[in-house]
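Novice: Dropping the structure in here first, questions after.
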Amino acid sequence: MWLKHPVLWHSSRVPSGYNYTLMTPWQIELIRMPWHDWYTADWDYGLSTVYFFCAAIAFFAIGNALFRVRQVKGENAKYIPLCTKAVAVSRALGAKQLRVLQFQYYSPPLSAIIIVLGMITYFSALTFSVHPYLWPNIAMGHSPPIATRSGWTSVAILPFLLAFATKVNFIGILTGVSHEKLQVYHRWSAWIMYITSLIHTFPFIVQSTRMGEMTTNWNTTPWYWTGVAALVPQTWLVFMSWGPIRNRYYETFKKLHFVASGVFVAALFVHCNFRLTSWGYIGAAAGLYVVSWLVRFGRTFYNSFYVGVAALEALPGDAVKVTIPSKLKWGAGQHFFVRFLDLGIHAATSHPFTVATLPSESAAKDDVNMIELYVKIHGGITRRLQGLCQGGCLRSSRVLLDGPYGGVEGDLKVYDRVLLLAGGSGATFVVPLLLDIVRSSAKDTSQVRRKVHLVWAVRTPCTLSWFEDVLAATVKGGSGDLSVSISYYITGTSTAAPDETSSISEKSEVEHAVTKEYGRPVLRDIVKEFCDEAGSVGIAACGPESFDFDVGNAVSECELAIARGRARCSEIYLHQESYR
């Protein structure tokens with residue numbers, strides 16, 4: 001009842017409603033010009049938005065393809081001087097972060113900041129570079145030019161905003177970037193769309209108020225109130241997605257985010273009222289989301305036939321171990337979204353957990369692989385899991401698994417030396433990477449000497465029990481061509497030695513390849529020392545924000561040294577995993 005009849009998919013492009021006798025020849029010519037014509041504004045501004053995003057995605061997709069070719073070709077491709085320097089500079093930008101200690105704020109990588117600034121610059125130019133902002137004569141149209149162009153920009157951003165957010169992420173497939181690392185572009189696309197929506201809204205309010213038509217327009221046309229109906233949930237979405245609010249009330253945020261998104265899109269659908277190609281953008285956004293949801297639902301349904309009941313076990317270090325028998329396969333460092341069906345209201349949500357084990361190498365479909373998840377206790381569902389394991393009792397829960405997702409984009413096994421860095425439960429990411437490298441080296445016949453060093457920082461010694469036996473066995477079982485070493489750092493003040501020295505070394509029984517020290521690791525020095533040798537280096541890190549900040553900035557300095565020709569190593573590849 002709020003749509004114009006007859007309802008069409010696209011409205012007509014034939015100009016109507018103009019009284020040319022009230023306009024000058026210049027004004028008549030102006031409203032027919034490209035970038036000014038209301039009837040082609042969707043082509044001028046909507047398609048320009050689409051082309052911008054598609055060009056950026058294509059650029060990074062080509063970069064991803066070249067990266068994979070470099071890894072396949074190996075040494076001959078790595079040491080082209082100009083190519084090596086260009087790669088080093090781009091990786092330096094991808095590793096560098098900024099922080100504001102007063103607010104405990106850690107920025108996205110500098111490369112992401114540059115991309116976001118590029119987005120802001122482009123859409124600012126698209127909105128403000130064309131004049132006039134308002135028609136000098138109301139006979140030229142009731143839609144102010146700046147409102148028209150910003151409206152089309154807003155609606156054209158919507159499909160890409162949703163594409164950045166999905167777990168089954170088509171942009172990620174093309175660019176090689178995991179879905180969680182694209183969230184920064186989802187959030188900033190939302191902010192840009194919100195600002196262009198405000199720029200679309202206010203000129204109409206000002207114009208209608210000046211002409212004394214605001215009340216009439218509100219009561220007699222659906223465009224005004226549906227615009228406000230869309231703007232209210234959109235305001236909620238962008239402000240409630242602010243980091244401190246989102247992280248503090250994540251469970252509530254997640255549920256309300258979906259509700260507000262549905263209200264917003266429904267109101268926007270009515271507001272657009274099939275004007276030109278507006279519904280095409282909404283349809284594209286809905287299509288992307290539905291396909292992603294169907295793939296996730298289908299994969300979860302398929303996985304349910306190959307997953308057993310999860311066993312829950314309380315662990316020292318304020319954690320819970322979840323063991324799930326499964327016939328599924330996954331890669332080192334990948335994660336599943338897990339839904340615990342026996343946790344009451346928490347069964348309504350799924351949460352990502354990294355798998356700390358590897359599947360068997362057998363190709364037999366009936367082989368049972370144990371998915372081991374180490375869940376650090378924070379609040380919400382993790383606190384509920386801990387409640388089930390009170391007293392050290394073993395509990396169980398039916399589960400649904402969606403995945404696997406993520407992992408390392410590059411192949412760490414092609415590098416001469418690999419440094420694995422973990423803080424706390426970040427070990428669940430790096431330990432399977434180590435196991436994968438050791439497993440691969442057992443089959444490697446190249447006889448090339450390689451080195452792997454794992455650094456794990458924990459608050460309390462009891463946390464080491466999660467993987468200490470596995471890591472000791474890995475060091476013992478390493479092949480002759482692979483040197484494996486482990487460094488543990490116990491950072492809790494209660495574990496300091498009696499003389500309060502900051503680094504007390506304890507040699508292990510495993511051929512002196514495992515050391516244990518009290519105090520915080522100086523990550524900058526560890527990274528720089530590891531990169532101060534000839535050859536290529538692969539680094540994977542997973543830890544708290546401050547941990548990743550130190551690692552990323554140290555790697556950025558080393559990358560810039562390569563770009564200047566002052567480094568001993570020839571290439572550094574860094575993968576930083578979100579802390580789970």
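Novice: Do any helices (runs of 4 or more DSSP H) entirely within segment 12-106 hold 3 or more residues that are open to solvent by less than 50 Å² (accessible area, probe 1.4 Å) and within 23 Å of F160 (Cβ to Cβ), and if so, which? Show your work before the answer.
Specialist: Values: elements: 25-30, 47-73, 75-78, 81-95.
Result: 47-73.
Novice: For segment 332-348, give me each residue that is outside any helix (DSSP H, G or I) and open to solvent by 10 Å² or more (accessible area, probe 1.4 Å). Full working, then the answer.
Specialist: Restricting attention to segment 332-348, the residues satisfying the condition of being outside any helix (DSSP H, G or I) are 332-343.
Result: A332, Q334, F337, R339, L341, D342.
Novice: Tell me yes or no: at least one residue of segment 550-567 is surrounded by fewer than 23 Cβ atoms within 10 Å (Cβ to Cβ), in contact with a strand residue (DSSP E or B) (Cβ under 7 Å, 6 or more places away or on another chain) and either without any contact (Cβ under 8 Å) to a residue 40 or more places away in the chain or assigned to a strand (DSSP E or B) (or both).
Specialist: The answer is no; no qualifying residue exists.
Novice: So, one more: Got a sec? Which of F128, F123 is over 19 Å from the mean Cα position of the chain (by Cα) and surrounded by fewer than 15 Cβ atoms within 10 Å (Cβ to Cβ)? Lay out the reasoning, then the answer.
Specialist: On the way: F123 fails: surrounded by fewer than 15 Cβ atoms within 10 Å (Cβ to Cβ).
Just one listed residue meets the conditions, F128.
Novice: Going through R70, R91, R99 one at a time, which residue ends up being in contact with a helix residue (DSSP H, G or I) (Cβ under 7 Å, 6 or more places away or on another chain) and without any contact (Cβ under 8 Å) to a residue 24 or more places away in the chain? Explain how you work it out, then say what you get.
Specialist: Values: R91 fails: without any contact (Cβ under 8 Å) to a residue 24 or more places away in the chain; R99 fails: without any contact (Cβ under 8 Å) to a residue 24 or more places away in the chain.
Just a single option satisfies the conditions, and that option is R70.
Novice: Let me ask another. More than 29 Å from G141 (Cα to Cα) and part of a helix (DSSP H, G or I): does that describe A260?
Specialist: Judged against the criteria, A260 is a match.
Novice: Which numbered condition trips up V448, out of (1) in a loop (DSSP other than H, G, I, E, B); (2) within 24 Å of the chain's Cα centre (by Cα); (3) closer than 30 Å to D532 by Cβ?
Specialist: Answer for V448: the failing condition is (2).
Novice: Please tell me if V155 is aliphatic (A, V, I, L, M), under 12 Å from the mean Cα position of the chain (by Cα) and assigned to a helix (DSSP H, G or I). Don't jump to the end; show me each part of the working.
Specialist: Values: aliphatic (A, V, I, L, M): yes; under 12 Å from the mean Cα position of the chain (by Cα): no; assigned to a helix (DSSP H, G or I): yes.
Spelling it out, it is not the case that V155 is aliphatic (A, V, I, L, M), under 12 Å from the mean Cα position of the chain (by Cα) and assigned to a helix (DSSP H, G or I).
Novice: Still on this structure: Going through F239, F253, F269 one at a time, which residue ends up being modelled with pLDDT under 90, of a type in the set (A, V, I, L, M, F, W, C) and out of contact with any Pro (no Cβ under 9 Å at 6 or more places or on another chain)? Walk me through it before giving the result.
Specialist: Values: F239 fails: modelled with pLDDT under 90; F269 fails: modelled with pLDDT under 90.
Only one candidate passes the filter, namely F253.
Novice: Another question, if that's okay. Among the candidates S483, S479, single out the residue that is part of a strand (DSSP E or B) and modelled with pLDDT under 90. Let's see the steps before the verdict.
Specialist: Values: S479 fails: part of a strand (DSSP E or B).
S483 is the lone residue from the list that is part of a strand (DSSP E or B) and modelled with pLDDT under 90.
Novice: Can I ask one more? Only one of I195, I245 is open to solvent by 30 Å² or more (accessible area, probe 1.4 Å), part of a helix (DSSP H, G or I) and over 23 Å from F160 (Cα atoms); which?
Specialist: Numbers: I195 fails: over 23 Å from F160 (Cα atoms).
None of the others qualify; the one that does is I245.
Novice: Take Q234 and tell me if it is at pLDDT 90 or above and within 30 Å of Q71 (Cα to Cα). If you could, list the steps in order and put the result at the bottom.
Specialist: Working: at pLDDT 90 or above: yes; within 30 Å of Q71 (Cα to Cα): no.
For Q234, the condition - at pLDDT 90 or above and within 30 Å of Q71 (Cα to Cα) - is not met.
Novice: Testing A230 on (1) open to solvent by 30 Å² or more (accessible area, probe 1.4 Å); (2) over 22 Å from Y18 (Cβ atoms), one condition comes back false. Which one is that?
Specialist: Of the numbered conditions (1) open to solvent by 30 Å² or more (accessible area, probe 1.4 Å); (2) over 22 Å from Y18 (Cβ atoms), the odd one out for A230 is (1).
Novice: Among S536, S465, which is of a type in the set (S, T, N, Q), under 29 Å from R70 (Cα atoms), within 34 Å of the chain's Cα centre (by Cα) and at pLDDT 70 or above?
Specialist: Values: S465 fails: under 29 Å from R70 (Cα atoms).
When all the criteria are applied, what remains is S536.
Novice: Starting from residues that are open to solvent by 40 Å² or more (accessible area, probe 1.4 Å) and among the hydrophobic types (A, V, I, L, M, F, W, C), keep the ones in segment 356-387 and report whichever is modelled with the highest pLDDT.
Specialist: The residue in question is M370.
The values are calculated or read from the model by the stated rules, or taken from the named source; none is laboratory data. These figures come from a predicted structure and were not determined experimentally. Note: ideal-geometry Cβ built from the backbone for every residue, glycine included; neighbour counts use all protein chains shown. Each accessible area value is taken on the protein alone, full model and side chains, heavy atoms only, with ligands, DNA and RNA left out. Shrake-Rupley method; radii C 1.70, N 1.55, O 1.52, S 1.80 Å.
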